[in-house]
1. Going by how many other Cβ atoms sit within 10 Å of their own, how do LYS62, LYS83 line up, fewest first?
2. Of THR38, THR77, THR96, how do they rank once you tally other Cβ atoms within 10 Å and put the fewest first?
3. Please list the radius of gyration and Dmax for segment 58-134, considering alpha-carbon atoms only, with Å as the unit.
4. Check which residues have an amide H placed less than 5 Å from VAL88's amide H, if you skip close sequence neighbours.
5. Angle, helix 18-39 long axis vs. longest principal axis of the chain, Cα atoms, 0 to 90°, nearest 10?
6. Could you pull out every residue, at least 5 positions away or on a different chain, whose amide H is within less than 5 Å of the one on LYS62? Hs are placed 1.01 Å off N in the peptide plane, and Pro or chain starts have none.
7. Using a 10 Å cut-off around each Cβ, can you sort VAL27, VAL107 from fewest to most neighbouring Cβ atoms?
8. With only Lys, Arg, Asp and Glu charged, each at its Cβ (+1 for the first two, -1 for the last two), find how big the charge dipole of the chain is about the Cα centre; round to the nearest 20 debye.
Amino acid sequence: MSKASGFLSEFREFAVKGNMIDLAVGVIIGAAFGKIITSLVNDIIMPLINFVLGGEVDFSNKFLLLRMPEGYAGPQTYDALNKAGAVVLSWGNFLTVLINFILMAFVVFCLVKAVNASRKRFEREQAAEEAAPAAPAEDVVVLREIRDLLQRK
């Protein structure tokens with residue numbers, strides 16, 4: 001067997017192990033879940049915050065202008081200033097990403113907590129089943145009955 005085929009077979013064994021496949025599934029679901037959290041923040045939470053603050057607050061367009069490009073007379077939006085080469089501190093975008101992270105961390109915490117509780121419950125049930133004595137087989141029961149009858153005679 002050549003070194004290349006040994007390497008490939010070793011890689012194939014690594015790639016098809018259950019843990020690797022579980023990890024791949026987790027990454028795919030995590031990416032999709034990240035989109036759900038981003039939508040939750042952008043489409044539900046931020047509009048509620050805007051409503052509470054009493055107006056049209058667009059956090060993605062909240063920034064601090066550090067340096068204006070020479071001779072720039074265009075619009076004062078984040079995208080326009082960024083394209084023109086201005087130095088801007090985009091604290092609004094950071095705030096949105098931070099809220100995304102906090103929500104994602106909270107949801108992951110809740111999921112891990114639920115999985116751990118489920119795992120503990122399953123382990124307790126398994127321990128209870130192992131601790132309970134198994135019912136004797138039917139032939140053992142019949143033999144015991146015969147023994148008890150013979151002892152009475």
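1. Arranged by neighbour count, lowest to highest, LYS62, LYS83 become LYS83, LYS62.
2. Exposure proxy ranking, most exposed first: THR77, THR38, THR96.
3. For segment 58-134, the Cα radius of gyration and maximum Cα-Cα distance read 26.1, 88 Å.
4. Close amide H contacts, sequence-distant or interchain: LEU66.
5. Computed tilt is about 40 degrees.
6. So LYS62 has HN proximity to GLY92, ASN93.
7. The most exposed by this proxy come first: VAL27, VAL107.
8. 320
Each value in this text was obtained by applying a stated rule to the coordinates, not by laboratory testing. Since this is a predicted model, take the numbers as computed values, not measurements. So basically every Cβ, Gly included, is an ideal-geometry build from the backbone, and we count neighbours across all protein chains shown.
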